[in-house]
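The values are calculated or read from the model by the stated rules, or taken from the named source; none is laboratory data. Worth saying up front: this structure is predicted, and the values here are computed from it rather than measured. A quick note on method: Cβ atoms are made from the backbone with ideal geometry, for glycine too, and the neighbour counts reach across all protein chains shown.
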Amino acid sequence: MIHRRFLGTSSDVVTRLSRQRQTGVSLRGLLAAGREHLRQLPEVSPTPMLLTVAAFLHRELPIRLARRVAELDRLPSLYAMPSVKLVREWYAQSAIEIFESERPVDPLSEERFARLIDAIYERHAAVLITMAKGAHELRSSMKERFAFELDLQIHQFLDSFYTSRIGIRVIIGQYLALRQCTPQSTRIGLLDTQVVPAQVAVDAVDQATMLCERQFGVAPEVELHGRLDLAFSYVPDHLYYIMLELLKNSMRATVEQHAKLVGEVDHKTLAPVKVVVADGEENEDVALKVSDEGGGIARSHMPRVWSYLFTTASHEVQERGFLDTNSRSSDFGGAPLAGLGYGLPISRAYARYFGGDVTLMSMEGYGTDAYVYLSRLGDHDEPLP
Ligand code: W6P
């Protein structure tokens, strides 16, 4: 048999792959496949469904990865940055490794495939910080007067790039999680059929409070209102990431506003942050609101809140990326309060990935309301940039 590697050079292969059509998944599709896998599980391992999922990734991942390589090649200004070149190499190498790998058709080949996919998931753990560094390198090299137009182009590119990355990490994460999954709980891989948004909010409040106290010595109280019992099917890690980001912002604004107005800070006199969970069983969305009295954002300031380029993170933080990334591969760890300044646009990309959204409404001089909408229908088509 002729090995596929000999059919062309690596760059030919990547170019050809990048022209193939990507195949989307929906929350509903992920749930159905996961349920079927768990149903088959008592009898055989790997289940026929797990093999189907593995075969899907074996075909789909090289296409999605190669597509990002081709997109990067179309942005020469960004691609000129050393960090971005590095990211491109990871994508190209991973595309080729999977393309050349043996098709998972039986227990042994499936096991080997899972190991490869796991290693690739790890290789790409630092993509976000490395791309951020690349964007920073580009911005530093620019003359001010060119910056604006370029910013828009780069911003759109990064938004697509990160949306695509979320998709890749969801399908890989779901496959690897299904391999560890047992049918006892409500958990189906990365998904949970009984995510209680109020409970996720409580967990995020605990973490945000800890981070806020560590940074400022105090943190505002958080009041929880609305449908505290509501449960729905979602990826709890995504909701946790979004809520943590919003709460960190609200808490920081509250503490800073208080310090500005009152001087010393005491948590009893800090305006509480309010979280509301809204839903009726028939609604199309689960909606959450995080409200603060942290003094709000000027309307003219709003675009930079959503920007990947206009970060308030220090030069040093941008140079080295986040703090210590020693914990394993998770994108959902406790970043520092300011982080890279990517939290909001990434949160929005997470929400949009399954058909939801994150928006901010602000009253300058008073406070900010952040709204999270999560589609509960689960049949939204995956955005495939
Ligand atoms: C602010 C700024 C902000 C961003 C996101 C969420 C809440 C808040 N509050 O003052």
Quick one: how many residues across the range 176-208 are closer than 19 Å to Leu228 by Cβ, in a loop (DSSP other than H, G, I, E, B) and not aliphatic (A, V, I, L, M)? 1
Look through Ser291, Ser250 and report the one residue that is surrounded by 20 or more Cβ atoms within 10 Å (Cβ to Cβ), under 22 Å from the mean Cα position of the chain (by Cα) and at pLDDT 95 or above. Ser250
Condition met for Glu102 (without any contact (Cβ under 8 Å) to a residue 40 or more places away in the chain and exposed (fewer than 14 other Cβ atoms within 10 Å of the Cβ)): yes
Just a yes or no: is a residue in the range 112-130 exposed (fewer than 14 other Cβ atoms within 10 Å of the Cβ) and hydrophobic (A, V, I, L, M, F, W, C)? yes
Show the residue pairs that are 6+ apart or on different chains and have beta-carbon atoms under 8 Å apart, the first residue being within the range 44-63 and closer than 14 Å to Arg179 by Cβ, the second being small (Gly, Ala, Ser). Pro46/Ala54; Met49/Ala33; Thr52/Ala33; Val53/Ala33; Ala54/Ala114
Could you check the range 73-96 and list, in sequence order, the residues that are farther than 19 Å from Ser164 by Cα and buried (at least 17 other Cβ atoms within 10 Å of the Cβ)? Met81
Output the strands (runs of 3 or more DSSP E) that fall wholly within the range 209-289 and possess 2 or more residues being without any contact (Cβ under 8 Å) to a residue 60 or more places away in the chain, or say none. 222-226, 273-278
Does the range 181-222 hold any residues that are among the small types (Gly, Ala, Ser) and over 20 Å from the mean Cα position of the chain (by Cα), and which are they? Ser185, Ala198, Gly217, Ala219
Kindly evaluate Thr15 against the criterion of being β-branched (Val, Ile, Thr) and either touching a residue at least 40 places away in the same chain (Cβ under 8 Å) or not in a helix (DSSP H, G or I) (or both). yes
All conditions in (1) within 16 Å of the ligand (Cβ to nearest atom); (2) over 25 Å from Ala349 (Cβ atoms) are true of Leu244 except (2)
